[in-house]
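*Asks:* So that we are looking at the same thing, I have put the structure below in structure tokens.
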Amino acid sequence: MFVAITDIDGWEGSATFKSRTSTSDAGYLSQVNAGMLSCDPGHGYRNVQDGTSNTVLVLEDAGRAYPSVAKIGAYSSRPGPVANPVDAVQGKGSSGSLFANGRRVFAWADPDAFANGVSGPSNASSQQSRVAGVNNSASPFGGPSTCPWDLNNCGPNDEPLSFHNGGINVCMGDGSCRFLTSNIDALVLKAVVSTSDGSTVTLDEEPISEPKLSSNS
């Protein structure tokens, strides 16, 4: 999955701290940082102020399949581009309700699977389960009752996830590969996928016990 944006809430004391900032929050836009594949005008490699070696371009998001495929079936929360497709599949809204024509997120290079934001499992049923991270809701297979994998942003559904132990592999903007551990702090994850937040992140320590942020100014 290529990273387009991140909207993890960095306000300590906020009700959504370290999870997705509510779009109804008056300060929502102040918590949105562009990723390397942002569609906003003015973004590109030359605009990665934090440095391409410090910014994630693409990360693992493994396992999504056709909605009826056992526990790894994943619905899209967005409608498909064709109004009446011959082989329509269902979509699933954030409330859990199904609708008739969802995007085919399991298909190769579908825009809803190709690039996404990193926000955490914002549709989980408890705030504790919504904290952003790597391999969220990875256990048990199929996800816990608070965040089943067929719900958008849970498990292998638009968020960083792999089926190997310990974390995920990522590709940085300079082409180098790194490993992000599953215990990475939400704010460090936000910093490392943000292009121009003014912070660089130490990723070469494993496990990461204390997130380290340093000024890039």
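The values are calculated or read from the model by the stated rules, or taken from the named source; none is laboratory data. The structure presented is a predicted model; accordingly, all values stated were derived computationally and were not measured. Note that we place each Cβ from the backbone using ideal geometry, even for glycine, and neighbour counts take in every protein chain shown. What goes into the accessible areas is simple: the full protein's heavy atoms, side chains included, and nothing from ligands, DNA or RNA. Shrake-Rupley method; radii C 1.70, N 1.55, O 1.52, S 1.80 Å.
*Asks:* From the residues in region 152-177 that are without any contact (Cβ under 8 Å) to a residue 60 or more places away in the chain and at negative phi, which one is nearest to the chain's Cα centre (by Cα)?
*Replies:* Among those residues, the one meeting the criterion is Cys154.
*Asks:* Moving on to the next point. Can you tell me which residue within region 113-151, out of those that are within 16 Å of Arg78 (Cα to Cα) and polar (S, T, N, Q), is nearest to the chain's Cα centre (by Cα)?
*Replies:* In this case the residue turns out to be Asn116.
*Asks:* Going by the structure shown, is Asp40 in a loop (DSSP other than H, G, I, E, B), charged (D, E, K, R) and loosely packed, with under 13 Cβ neighbours inside 10 Å?
*Replies:* Yes; evaluated as a whole, the condition is true for this residue.
Residue by residue, here is whether (1) buried (at least 21 other Cβ atoms within 10 Å of the Cβ); (2) closer than 19 Å to Val69 by Cβ; (3) at pLDDT 90 or above holds:
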site: Val105; (1), (2), (3): yes, yes, no
site: Asp110; (1), (2), (3): no, yes, no
site: Asn123; (1), (2), (3): yes, no, no
site: Gly133; (1), (2), (3): yes, no, yes
site: Asn136; (1), (2), (3): yes, no, yes
site: Pro140; (1), (2), (3): no, yes, yes
site: Gly143; (1), (2), (3): yes, yes, yes
site: Asn152; (1), (2), (3): yes, yes, no
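*Asks:* Here is a further query. Only one of (1) open to solvent by 30 Å² or more (accessible area, probe 1.4 Å); (2) among the hydrophobic types (A, V, I, L, M, F, W, C); (3) over 18 Å from Ile5 (Cβ atoms) is not met by Phe114, so which one is it?
*Replies:* Here Phe114 clears every test but (3).
*Asks:* Which residue out of Val3, Val105 is under 28 Å from Asp185 (Cα atoms) and assigned to a strand (DSSP E or B)?
*Replies:* Unique residue meeting the criteria: Val3.
*Asks:* Another question, then. Residues of region 74-84 being of a type outside the set (S, T, N, Q) and either modelled with pLDDT of 90 or more or under 25 Å from Leu37 (Cβ atoms) (or both), which ones?
*Replies:* Ala74, Tyr75, Arg78, Pro79, Gly80, Pro81, Val82
*Asks:* Sticking with this one: When you go through (1) free of Cβ contacts under 8 Å to residues at least 24 places away in the same chain; (2) closer than 23 Å to Leu189 by Cβ; (3) surrounded by 15 or more Cβ atoms within 10 Å (Cβ to Cβ) one by one for Gln128, which number turns out not to apply?
*Replies:* Of the numbered conditions (1) free of Cβ contacts under 8 Å to residues at least 24 places away in the same chain; (2) closer than 23 Å to Leu189 by Cβ; (3) surrounded by 15 or more Cβ atoms within 10 Å (Cβ to Cβ), the odd one out for Gln128 is (3).
*Asks:* Please identify the pairs in which a residue from region 1-21 that is more than 19 Å from Glu60 (Cα to Cα) has its Cβ atom under 8 Å from the Cβ atom of a residue that is among the aliphatic types (A, V, I, L, M) and in a strand (DSSP E or B), counting only partners at least 6 apart or on another chain.
*Replies:* Between residues of region 1-21 that are more than 19 Å from Glu60 (Cα to Cα) and residues that are among the aliphatic types (A, V, I, L, M) and in a strand (DSSP E or B), the close pairs are Lys18/Ile8; Ser19/Ile8; Arg20/Ile8; Thr21/Ile8.
*Asks:* Tally up the residues in region 6-37 that are at pLDDT 90 or above, small (Gly, Ala, Ser), part of a loop (DSSP other than H, G, I, E, B) and open to solvent by less than 70 Å² (accessible area, probe 1.4 Å), please.
*Replies:* 5
*Asks:* State which residue is most open to solvent (accessible area, probe 1.4 Å) when the search covers only region 48-68 and only residues that are among the polar types (S, T, N, Q) and closer than 23 Å to Pro111 by Cα.
*Replies:* Top of the filtered list is Ser68.
*Asks:* Of the numbered conditions (1) surrounded by 15 or more Cβ atoms within 10 Å (Cβ to Cβ); (2) of a type outside the set (Phe, Trp, Tyr); (3) closer than 28 Å to Ser38 by Cα, Lys71 satisfies every one except a single condition; which is it?
*Replies:* So Lys71 meets the others, but not (3).
*Asks:* Return the total of residues in region 169-202 being modelled with pLDDT of 90 or more and either of a type in the set (Ser, Thr, Tyr) or closer than 14 Å to Val3 by Cα (or both).
*Replies:* As a first pass, look at region 169-202 and keep what is modelled with pLDDT of 90 or more: 169-195.
Filter once more, keeping what is either of a type in the set (Ser, Thr, Tyr) or closer than 14 Å to Val3 by Cα (or both): 169-173, 176, 181-182, 189-195.
Residues meeting the conditions: 15.
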